[in-house]
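Report on the following structure.
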Amino acid sequence: MDVKSVGVIGAGQMGNGIAHVLALAEYDVLLNDVNQDALEAALTTIEGNMARQASRGKITEEAMQAALGRIQTTLALPELGQTDLVIEAATERETIKQAIFEDLQPHLQPHTILTSNTSSISITRLASRTDRPERFMGFHFMNPVPLMQLVELIRGIATDEETFSTCKAVVDRLGKTAASAEDFPAFIVNRILMPMINEAVYTLYEGVGNVQSIDQSMKLGANHPMGPLELADFIGLDTCLAIMNVLHEGLADTKYRPCPLLTKYVEAGWLGRKTERGFYDYRGEVPVPTR
C-alpha cells in the first residue's frame, strides 16, 4: 500500500518528533491531541528544531517551509480516520491506548493501518481490541526522533506481511533503519536498556556510588554518551518505571523488579527533565545531582 497521509496521536515529545520527520519525508501529517496548548507547543517545537537543522545545513529553508505546510493539527480524533496510517504516541498506559483505538475505530477507512509507538506494551493485546489485528503493529521510534536512526517494527501475532512491508517502506522513506522485533515485553532496545538503568538506580540506592560517580563511570569507563541516570532523566522516570513494571509483570522474573528508589522519585513527581527534577535538579543554569 502507498501511504500518503499519516495521523499522529499525541503531540508530546515523541509525537511532535514523529510529525517532524514524516513531514520532511513529504507525508501529509495530521497531528492530534486532547489539548490545544499542546498542539501549539508542538508546532513551535517542530519549527524550532527544523530551523536548527536548516542553520546547520541539514535541510534547506525551502524544505523546512514545505514540511511545516504539510502538518495540520486537530483536537478531533475521528478526523484521523481518513489517513492511510495512524501512529499512536500517547501516554505509556495501556488503558489510555485502548480507549484511543476504541474511539477511533468507527471512523477508520478499511485500508487504514493502525500502529502504536509503545515502548513496551504487548502489540498483540492492543491489536486484539481493534477490528483489524492483521493491520496493526508496533512502530517504535527512539527519542529524540529527528536525531535517532532506529525504528523498531514489532509484529503482533496476527500482523500480516503487507502491513509489515508497508510500515518498513515508511521507515525507509524517513531515511531511518528498521529493526524487526518479536512481540515480547519491551521488545529489543528497552529489554536491554531499562534493566541497565534500573541497575544504576539500585547502585545509587545501595550507596555503591553517588549520581555523579555512577554517570561518570559509565561515560568514561564504558564510553556511553550519557550516564544511565542522566539518560533516565531524559527519557522520564515515569516511563522508565512503567517499562520496568511491564518487564516484571510480563516475564515474572525478579531480576526485573523496579528499584524502590525509582518508584520513590516517581511518587515525588520528580520525573526528570520534563519536571525539572529527577536524579538531577535542572532549575539552575547547570544540572545538580539530587543525591
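The values are calculated or read from the model by the stated rules, or taken from the named source; none is laboratory data. Just so we're clear, the structure is a prediction, and the values are computed from it rather than from any experiment. Note that we place each Cβ from the backbone using ideal geometry, even for glycine, and neighbour counts take in every protein chain shown.
(1) surrounded by fewer than 16 Cβ atoms within 10 Å (Cβ to Cβ); (2) not in a helix (DSSP H, G or I): which one isn't true of residue 59, the others all being true?
Just one mismatch for residue 59, condition (1).
For region 16-23, does any single residue satisfy the condition of being in contact with a Lys or Arg (Cβ under 7 Å, 6 or more places away or on another chain), surrounded by 14 or more Cβ atoms within 10 Å (Cβ to Cβ), of a type outside the set (Lys, Arg) and under 27 Å from residue 161 (Cβ atoms)?
No, the conditions are met nowhere in region 16-23.
From 94, 152, grab the single residue that is surrounded by fewer than 23 Cβ atoms within 10 Å (Cβ to Cβ) and at pLDDT below 95.
Matching residue, one of 94, 152: 94.
Of all the helices (runs of 4 or more DSSP H) wholly in region 180-286, which have at least 1 residues that are hydroxyl-bearing (Ser, Thr, Tyr)?
Fully inside region 180-286 and qualifying: 189-205, 211-221, 237-251, 260-267.
Being assigned by TED's automatic domain parsing to the domain that holds residue 110, touching a residue at least 24 places away in the same chain (Cβ under 8 Å) and of a type outside the set (A, V, I, L, M, F, W, C) is the requirement here; does residue 198 meet it?
no
Only one of these conditions is not met by residue 75: (1) in contact with a helix residue (DSSP H, G or I) (Cβ under 7 Å, 6 or more places away or on another chain); (2) hydrophobic (A, V, I, L, M, F, W, C); (3) surrounded by 13 or more Cβ atoms within 10 Å (Cβ to Cβ). Which number is it?
(3)
Has region 26-40 got any residue that is at pLDDT 95 or above, in contact with a Pro (Cβ under 8 Å, 6 or more places away or on another chain) and over 23 Å from residue 111 (Cα atoms)?
no
Counting just the residues of region 204-230 that are over 15 Å from residue 290 (Cα atoms) and touching a Pro at 6+ places or on another chain (Cβ under 9 Å), which one comes out surrounded by the most Cβ atoms within 10 Å (Cβ to Cβ)?
So the residue we want is 218.
Do we find a residue being of a type in the set (A, V, I, L, M, F, W, C), in contact with a Cys (Cβ under 8 Å, 6 or more places away or on another chain), farther than 16 Å from residue 6 by Cα and touching a residue at least 12 places away in the same chain (Cβ under 8 Å) anywhere in region 147-160?
There is at least one residue in region 147-160 that is of a type in the set (A, V, I, L, M, F, W, C), in contact with a Cys (Cβ under 8 Å, 6 or more places away or on another chain), farther than 16 Å from residue 6 by Cα and touching a residue at least 12 places away in the same chain (Cβ under 8 Å).
If you scan region 165-190, which residues turn out to be within 25 Å of residue 258 (Cβ to Cβ) and surrounded by 18 or more Cβ atoms within 10 Å (Cβ to Cβ)?
181, 183, 185, 186, 187, 190
Could you check how many residues of region 51-63 are under 18 Å from residue 16 (Cα atoms) and in contact with a Lys or Arg (Cβ under 9 Å, 6 or more places away or on another chain)?
1
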